[in-house]
Amino acid sequence: MPISFASRLDQVETSAIRELFKLLGKPGIISFAGGFPDSAMFDVEGIREATQRALSEEPGSALQYGATEGYPALREQLAGYMALRGAQGIQPEDLIVTTGSQQALDLVGKTLIDPGDKVIVEGPTFLATIQCFRLYGAELVSAPIDADGVQVDRLEQLIAEHRPRLVYLIPTFGNPSGATLSLQRRKRILELAVEHQTLIVEDDPYGALYFDAPPPASLLALSAQVPGSRELLVHCGSLSKVLSPGLRVGWMIAPPALLAKATMCKQFSDAHTSTFAQATAAQYLRAGRMPATLERVRAVYAQRARTMGEALRAELGGAIDFVQPHGGLFIWARLTGAGGKLADGSAFARKAIEQGVAFVPGAPFYCAHPDPATLRLSFATADEARIREGVARLGRALDA
Ligand code: PMP
């Protein structure tokens, strides 16, 4: 008998990206497709030491069930980490630890979204958020972005028109767009939240991965300057891109009432994030290794981003248009179709695979009105020589 699934699953489909990832096993392929940090960059020694200290100093709690809100030592360390990142005055009890920031997004959906609720997201935005919010029945509305992030005038119109349950933004080094919201727009968005009494979800897994200068302060940090905005703000953070995604340590900062409901839902879901992973992360942060780790990964990604940008300009010239990112993991590009060359990201992705290089076409990242000419290229996991070779293959694919 065929299994009959819950009707909420009708809202989502297996992503086109997942299908593409199946092809990545092809021998010799250079991948610009993943959203992963480079595993060669993991601070294995630091994590080993942190693990050993967790086991020798606190085995009873590190291996035991723990509080749903999170391991106390980690909540304390994360509050300190947020202060380092410019958000002063966050107390350990203002945040809960989640199993990756992905779970924080799921808890946002679970606690706030009823079927039929409108939710505004950027076009393009993080694919897993599109899928996750749709599972809860959200009707997604796409707000256009440009090089300075979401267009606030348009966002204001959409908020007024749709009265959304919440607005979901990746203000800093967006996935997939690489775009960063300007300081002026950040302040305006916080004002809009207050004027329209609309919840804003700030997803910020990449903010610490800047290349030259730090990005503008997070919405969370800026909320101190806009009275009434903190009560309307949810901030999701993660150690995945800066330390290790395998640890599955993320967090959520939200007004107390929402945090309480999210904690309740988390309790029924996974009881708590792995205490062992949390104890390890807390030991790591306490040992003070994070600043050096951040400097190291920033320098490597900055160089790779430069290399990829230069190679794209040299190999693909006028056939491709992109803004050089100032942080994060991605170059978001658009095929111009100049000279009669390919202008469809999906067709280009197929040709690229034949040439031995993979990337993700941009269309699936839009909840509506996809731009088929777009593509996302990750510069994070290939070293510079492979980036150059991969981009040369892209050039051949475009000419093929
Ligand atoms: N948000 C964004 C924008 C992401 O790109 C990612 C990871 N690709 C996540 C959230 C989830 O990350 P994690 O669960 O590993 O913290």
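The values are calculated or read from the model by the stated rules, or taken from the named source; none is laboratory data. Remember, predicted model here, so these are calculated numbers, not experimental data. Cβ placement follows ideal geometry from the backbone for every residue including glycine, while neighbour counts extend to all protein chains displayed.
Among the residues of region 381-389, are any surrounded by 19 or more Cβ atoms within 10 Å (Cβ to Cβ) and outside any helix (DSSP H, G or I)?
There is at least one residue in region 381-389 that is surrounded by 19 or more Cβ atoms within 10 Å (Cβ to Cβ) and outside any helix (DSSP H, G or I).
Return a yes/no flag: does region 174-184 have any residue that is within 14 Å of the ligand (Cβ to nearest atom) and of a type in the set (A, V, I, L, M).
Step one: list which residues in region 174-184 are within 14 Å of the ligand (Cβ to nearest atom), which gives 174-181.
Now restrict to residues that are of a type in the set (A, V, I, L, M): 179, 181.
Yes, some residue in region 174-184 is within 14 Å of the ligand (Cβ to nearest atom) and of a type in the set (A, V, I, L, M).
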Flag if residue 296 is assigned to a helix (DSSP H, G or I), surrounded by fewer than 21 Cβ atoms within 10 Å (Cβ to Cβ) and in contact (Cβ under 8 Å) with a residue 60 or more places away in the chain: yes
Qualifying positions in region 59-92 - more than 23 Å from the chain's Cα centre (by Cα) and either of a type in the set (Gly, Ala, Ser) or on the phi > 0 side of the Ramachandran plot (or both): 60, 61, 62, 66, 67, 73, 89
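Working only within region 81-111, note down all residues that are basic (Lys, Arg) and either outside any loop (DSSP other than H, G, I, E, B) or in contact with a His (Cβ under 9 Å, 6 or more places away or on another chain) (or both).
Restricting attention to region 81-111, the residues satisfying the condition of being basic (Lys, Arg) are 85, 110.
Hit for region 81-111 is 110, nothing else.
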Condition met for residue 359 (crowded, with 23+ Cβ neighbours inside 10 Å, in contact with a Gly (Cβ under 8 Å, 6 or more places away or on another chain) and either at pLDDT below 95 or not aliphatic (A, V, I, L, M) (or both)): no
Output for region 65-111, where each listed residue is under 16 Å from residue 54 (Cβ atoms) and acidic (Asp, Glu): 76
Yes/no for residue 85 being among the basic types (Lys, Arg), in contact with a strand residue (DSSP E or B) (Cβ under 9 Å, 6 or more places away or on another chain) and buried (at least 21 other Cβ atoms within 10 Å of the Cβ): no
Subset of region 188-215 [away from the ligand (no atom under 15 Å from the Cβ), under 30 Å from residue 47 (Cα atoms) and not aliphatic (A, V, I, L, M)]: 210, 211, 212, 214
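Give 70, 60, 28 a once-over and let me know the one that is at pLDDT 95 or above and either more than 15 Å from the ligand (Cβ to nearest atom) or not in a loop (DSSP other than H, G, I, E, B) (or both).
Numbers: 70 fails: either more than 15 Å from the ligand (Cβ to nearest atom) or not in a loop (DSSP other than H, G, I, E, B) (or both); 28 fails: at pLDDT 95 or above.
Among 70, 60, 28, only 60 is at pLDDT 95 or above and either more than 15 Å from the ligand (Cβ to nearest atom) or not in a loop (DSSP other than H, G, I, E, B) (or both).
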Tally of residues being polar (S, T, N, Q) and away from the ligand (no atom under 11 Å from the Cβ) across region 226-272: 4
Failed item in (1) within 14 Å of the chain's Cα centre (by Cα); (2) surrounded by fewer than 23 Cβ atoms within 10 Å (Cβ to Cβ), with residue 124 passing the rest: (2)
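If I filter region 186-196 for residues that are assigned by TED's automatic domain parsing to the domain that holds residue 90, of a type in the set (Asp, Glu) and over 12 Å from the mean Cα position of the chain (by Cα), do I get at least one hit? Spell out the reasoning first.
Of all residues in region 186-196, those assigned by TED's automatic domain parsing to the domain that holds residue 90 come to 186-196.
Those still in the list that are of a type in the set (Asp, Glu) too: 191, 195.
Right, trim to over 12 Å from the mean Cα position of the chain (by Cα) and you get 191, 195.
Taking every residue of region 186-196 in turn, at least one turns out to be assigned by TED's automatic domain parsing to the domain that holds residue 90, of a type in the set (Asp, Glu) and over 12 Å from the mean Cα position of the chain (by Cα).
Find the strands (runs of 3 or more DSSP E) located wholly in region 179-265 whose residues include 1 or more that are within 20 Å of residue 291 (Cα to Cα), and list them.
Here the list reads 233-238, 249-253.
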Unmet criterion (only one of (1) outside any strand (DSSP E or B); (2) free of Cβ contacts under 8 Å to residues at least 60 places away in the same chain; (3) within 26 Å of residue 221 (Cβ to Cβ)) for residue 114: (3)
